[in-house]
1. Which of (1) surrounded by fewer than 20 Cβ atoms within 10 Å (Cβ to Cβ); (2) closer than 27 Å to Glu77 by Cα; (3) of a type in the set (S, T, N, Q); (4) out of contact with any Asp or Glu (no Cβ under 7 Å at 6 or more places or on another chain) is the odd one out, the single condition Ser141 does not satisfy?
2. Looking at segment 22-32, which of its residues are near the ligand (Cβ under 6 Å from one of its atoms) and touching a Lys or Arg at 6+ places or on another chain (Cβ under 8 Å)?
3. Only residues that are loosely packed, with under 12 Cβ neighbours inside 10 Å and of a type outside the set (Val, Ile, Thr): list them for segment 144-181, please.
4. Could you list, ordered by first residue, the pairs with Cβ atoms under 6 Å in which the first is in segment 74-101 and basic (Lys, Arg) and the second is surrounded by 15 or more Cβ atoms within 10 Å (Cβ to Cβ), at least 6 apart or interchain?
5. Determine whether Ile104 is modelled with pLDDT of 95 or more, more than 12 Å from the ligand (Cβ to nearest atom) and more than 15 Å from the chain's Cα centre (by Cα).
6. Taking only segment 200-221 into account, find how many residues are without any contact (Cβ under 8 Å) to a residue 40 or more places away in the chain and either closer than 14 Å to Asp177 by Cα or part of a strand (DSSP E or B) (or both).
7. Among the residues in segment 52-69, are any assigned to a helix (DSSP H, G or I) and crowded, with 19+ Cβ neighbours inside 10 Å?
8. Out of (1) more than 8 Å from the ligand (Cβ to nearest atom); (2) touching a Lys or Arg at 6+ places or on another chain (Cβ under 9 Å), the odd one out for Met19 is which?
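The values are calculated or read from the model by the stated rules, or taken from the named source; none is laboratory data. No experiment lies behind these values; they were computed from the predicted model shown. Counting neighbours? That spans all protein chains shown, and the Cβs are built from the backbone with ideal geometry, glycine included.
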Amino acid sequence: MSLKKMNNQNMPAHIAMIMDGNGRWAKEKGLKRTAGHEEGAKVVREITKYCSNIGIKYLTLYAFSTENWQRPKLEVEFLMKLLDRYFKKELPIYLENNVRFKPIGDLSRFSKYLQKTIRDVEEKTSHCTGLTQVLALNYGSKDEIIRAIKKLNEQELEVSEENLESCLDTAGMPDVDIMIRTSGEVRLSNYLLWQNAYAEMFFTPTYWPDFNSSELDDIISDFVKRERRFGGI
Ligand code: FPP
């Protein structure tokens with residue numbers, strides 16, 4: 001069945017992805033790791049457009065984790081420049097596709113310059129009503145939960161699931177329906193630990209630069225057949 005014709009009720013509202021394997025993809029081709037990130041950025045664009053076309057409401061991609069600062073300085077610098085370039089080039093494409101952009105994570109560790117680029121795109125796409133593309137930037141789930149607890153305390157809110165959720169970076173977004181990790185690794189790596197509580201998990205050996213909309217289609221088709229009981233019977 002074509003995904004466009006699928007009953008909307010069965011379609012996932014929120015797809016999250018860990019885009020892994022850029023380095024190995026490049027190494028196996030005798031290229032520098034950075035070439036893998038460069039190719040990975042093109043896949044981000046393809047998958048975002050595809051999700052927007054088939055009516056997904058939220059796509060959350062792990063672009064830079066709180067642990068990624070431990071990488072070699074040159075690789076971190078490259079990723080920062082790549083992100084800046086990506087956002088500047090992407091703005092018209094977001095607008096053309098009615099895509100709203102939203103960052104999650106602690107942006108304060110990025111340069112003021114990159115923070116401004118990110119906030120600019122967030123602001124200029126805030127009126128878009130189609131897909132929300134969420135990029136996790138200097139994001140770690142434990143860090144997010146600690147920041148949320150601090151907010152709860154500051155606002156003197158009662159500790160409840162609802163109140164904690166309202167203080168997470170993902171406030172107002174539905175929980176994750178489909179969680180995908182590429183490159184054959186089978187772990188969550190501090191990603192959306194709260195939001196993935198009832199997500200259906202998919203792990204593919206494909207390296208991120210080789211991932212495409214056809215493989216995503218297969219995953220969604222598998223997802224719609226799964227019976228989700230959310231702890232019931
Ligand atoms: C994991 O592959 C990937 C990252 C840490 C960065 C993800 C970045 C991109 C997909 C490109 C830039 C993103 C945007 C939004 C423009 P890895 O380097 O850990 O690969 P490896 O495990 O094979 O070494």
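1. Failed condition: (1).
2. Going through segment 22-32, the residues near the ligand (Cβ under 6 Å from one of its atoms) turn out to be 22-24.
Across segment 22-32, the qualifying residues are Asn22, Gly23.
3. Answer for segment 144-181, where residues must be loosely packed, with under 12 Cβ neighbours inside 10 Å and of a type outside the set (Val, Ile, Thr): Lys150, Asn153, Glu154, Gln155, Glu156, Glu158, Ser160, Glu161, Glu162, Gly172.
4. These pairs meet every condition: Arg100/Thr125; Arg100/Cys128; Arg100/Thr132.
5. Answer is no for this residue.
6. Selection size over segment 200-221: 4.
7. Yes.
8. Checking Met19 against (1) more than 8 Å from the ligand (Cβ to nearest atom); (2) touching a Lys or Arg at 6+ places or on another chain (Cβ under 9 Å), the one that fails is (1).
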